[in-house]
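What follows is a single structure, written as structure tokens, with notes after it.
The values are calculated or read from the model by the stated rules, or taken from the named source; none is laboratory data. Note that this is a predicted model, so its numbers are computed, not measured. Glycine also receives a Cβ, built like all others from the backbone with ideal geometry; neighbour counts cover every protein chain displayed. Surface areas here come from the heavy atoms of the whole protein model, side chains and all, with no ligands, DNA or RNA. Shrake-Rupley method; radii C 1.70, N 1.55, O 1.52, S 1.80 Å.
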Amino acid sequence: MTTGVRRRMGVEERRQQLIGVALELFARRSPDEVSIDEIASAAGISRPLVYHYFPGKLSLYEAALKRAAEDLASRFEEPHQGSLGGRLLRVMRRFFDFVDEHGPGFSALMRGGPAVGSSATNALIDSVRQVAYEQILSHLRVTDPPPRLELLIRSWISLVESTALIWLDGRRIPRAELEIQLVHDFAALAAVSAAYDEEMTALLRQMLRDEPHDGPFTDLAARLITLAS
């Protein structure tokens, strides 16, 4: 018969374990509602030991927020294969996977949670938005975006965020419908910008030219034609 011996964790390993435990708890409830005692209990250590690795709940929250932000930013990475509409749809599916899995944690990330207004929190949120912005530019093959294109992309990113936050409050619209609707929103915003700007007109034509007959942008065009008839 052998006796199990609990392995002693190194400092960084224990810190990462606590961040992981905190993220799991934050995924079920708002960080404001999760206590250090709960985190310690879930990690199998004492409350004072948590404070040995993190000065307080805010520092642990910010560390968990950083990991969540890195995970969320990675959801916008997409191979440059297929049409833009198809790529954006795959990104939206991964984005809503994250939202679905981390509900309260996602809300805390976007709204600031216990660290609302802190420079660290704002920087993390802005870093996710910047990754999303740069990824979309790369898929459009644009290195020096005109003002209307920057406005379009950043407005769309804000729309994605707000849509996800509203959806979490009751999930009253099927998730799959929202994912395709947000892709349609991107095309619609591009079309409106094209009405005012020749560069955006050329970009929109390129987007539509590369779109297959069964792609999201083609689907939107067909829906609009039906409405107008």
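Details
- Estimated from helical segments only, the mean residue ellipticity of the chain at 222 nm is -24000 deg cm²/dmol, where each DSSP H run of four or more residues counts as -39500 (n - 2.57).
- Built from the Cα atoms of the stretch 95-229, the convex hull projects on average onto 9.8 nm², one quarter of its surface area.
- When restricted to Cα atoms, the stretch 4-75 yields an Rg and a Dmax of 12.3, 40 Å, respectively.
- Contour minus Cα-Cα distance for ALA195 and LEU140 (0.36 nm per residue): 17.9 nm
- Size descriptor, Kirkwood hydrodynamic radius, that averages inverse alpha-carbon separations across the stretch 26-128, Å: 15.0
- Among the helices of the chain, those built from whole DSSP H runs whose Cα atoms reach 27 Å or more along their own axis and whose mean Kyte-Doolittle hydropathy is at least -0.5 are 119-140, 147-168, 175-194.
- Among [x] 1.08; [y] 0.95; [z] 0.99, the entry that matches Rg/Rh (Cα atoms, Kirkwood Rh) as calculated here: [x]
- ASP197 accessible area, assembled protein chains, probe 1.4 Å, Å²: 30
- Computed over neighbours whose Cβ is under 12 Å from that of SER59, the net charge equals +2, Lys and Arg +1, Asp and Glu -1.
- Relative contact order (%) - criterion: Cα under 8 Å, at least six apart; region: the stretch 62-216: 31
- If R0 is 41 Å, the Cβ-Cβ spacing of ARG28 and ALA228 corresponds to a FRET efficiency of close to 0.35.
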